[in-house]
Amino acid sequence: MGKIAVIYWSAGGNTEAMAKAIARGISSENVGADVFSVSEFGSKSVNDYEKLALGCPSMGAEVLEECEFEPFLSSIEHGLAGEKVALFGSYGWGDGEWMRNWEGRMRGDGCLLFETGLIINLTPDDEGIKQCEEFGARFAKF
Ligand SMILES: Cc1cc2nc3c(=O)[nH]c(=O)nc-3n(C[C@H](O)[C@H](O)[C@H](O)COP(=O)(O)O)c2cc1C
């Protein structure tokens with residue numbers, strides 16, 4: 001089975017912690033997972049991966065982070081039709097609106113969206129980390 005890229009943007013470390021836990025869950029199913037921040041991913045190709053897990057917190061007013069993550073997503077989304085994609089991210093005071101909008105956008109791109117995006121309020125606690133690991137393990141089998 002091909003590898004999964006877990007690509008995230010995180011300023012405060014919350015979405016980063018989710019990304020690392022999701023990657024652990026993927027690995028627990030003996031599927032390879034490479035974890036990158038958007039800047040680490042740079043100009044690598046998403047085509048080298050069988051599936052993508054994309055993480056970004058709710059920023060601005062219920063939008064994706066606009067300086068790095070949004071341009072990255074715009075640059076890859078034209079090629080995502082038929083691809084298996086999972087979404088995740090941390091949020092603060094909202095109700096997950098950014099994730100619902102993001103899911104709709106990905107469906108519009110023709111992605112095979114995995115479940116609904118995993119959202120966690122602020123810093124994932126032990127239960128949140130477990131949710132991320134289980135989400136990753138299920139995505140590995142998707
Ligand atoms: C500039 C800014 C804008 C934000 N906008 C929202 C928002 O619209 N809705 C929300 O629920 N949380 C919002 N938050 C809270 C973040 O989503 C939350 O702190 C999250 O845990 C940050 O994730 P990170 O640690 O991965 O950067 C915002 C935070 C910042 C700094």
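Would you mind stating whether residue 87 is surrounded by 22 or more Cβ atoms within 10 Å (Cβ to Cβ) and in contact (Cβ under 8 Å) with a residue 12 or more places away in the chain?
Yes: the conditions hold for residue 87.
Just checking, which of 46, 63 is surrounded by 12 or more Cβ atoms within 10 Å (Cβ to Cβ), within 16 Å of the chain's Cα centre (by Cα), within 14 Å of residue 99 (Cβ to Cβ) and touching a residue at least 24 places away in the same chain (Cβ under 8 Å)? Step through it out loud before you land on a result.
Values: 46 fails: within 14 Å of residue 99 (Cβ to Cβ).
After applying the criteria, what remains is 63.
In segment 90-126, which residue that is more than 11 Å from the ligand (Cβ to nearest atom) and among the small types (Gly, Ala, Ser) is surrounded by the fewest Cβ atoms within 10 Å (Cβ to Cβ)?
That would be 108.
Just for segment 66-84: of the residues that are outside any strand (DSSP E or B) and either in contact (Cβ under 8 Å) with a residue 40 or more places away in the chain or hydroxyl-bearing (Ser, Thr, Tyr) (or both), which one is surrounded by the most Cβ atoms within 10 Å (Cβ to Cβ)?
69
Name the residue that is farthest from residue 92 (Cα to Cα), counting only residues in segment 10-36 that are assigned to a helix (DSSP H, G or I), more than 10 Å from the ligand (Cβ to nearest atom) and in contact with a helix residue (DSSP H, G or I) (Cβ under 7 Å, 6 or more places away or on another chain).
26
Condition check: in a helix (DSSP H, G or I) and either more than 16 Å from residue 12 (Cα to Cα) or modelled with pLDDT of 95 or more (or both). Does residue 39 satisfy that?
Numbers: in a helix (DSSP H, G or I): yes; either more than 16 Å from residue 12 (Cα to Cα) or modelled with pLDDT of 95 or more (or both): yes.
Against the criterion (in a helix (DSSP H, G or I) and either more than 16 Å from residue 12 (Cα to Cα) or modelled with pLDDT of 95 or more (or both)), residue 39 qualifies.
All but one of (1) in a helix (DSSP H, G or I); (2) in contact (Cβ under 8 Å) with a residue 40 or more places away in the chain hold for residue 57, so report the exception by its number.
(1)
Yes or no: residue 90 under 16 Å from residue 116 (Cβ atoms) and touching a Pro at 6+ places or on another chain (Cβ under 6 Å)?
yes
Within segment 84-100, track down each residue that is of a type outside the set (Gly, Ala, Ser), under 14 Å from the mean Cα position of the chain (by Cα) and over 17 Å from residue 36 (Cβ atoms).
Our first condition is that a residue be of a type outside the set (Gly, Ala, Ser); within segment 84-100, this holds for 84-85, 87-88, 91, 93, 95, 97-100.
Applying the additional criterion that residues be under 14 Å from the mean Cα position of the chain (by Cα) yields 84-85, 87-88, 91, 98-100.
Correct list: 84, 91, 98, 99, 100.
The values are calculated or read from the model by the stated rules, or taken from the named source; none is laboratory data. All of these numbers come straight from a predicted model, not from anything done at the bench. Don't worry about glycine lacking a Cβ; one is built from the backbone with ideal geometry, like all the others, and counts go over all protein chains shown.
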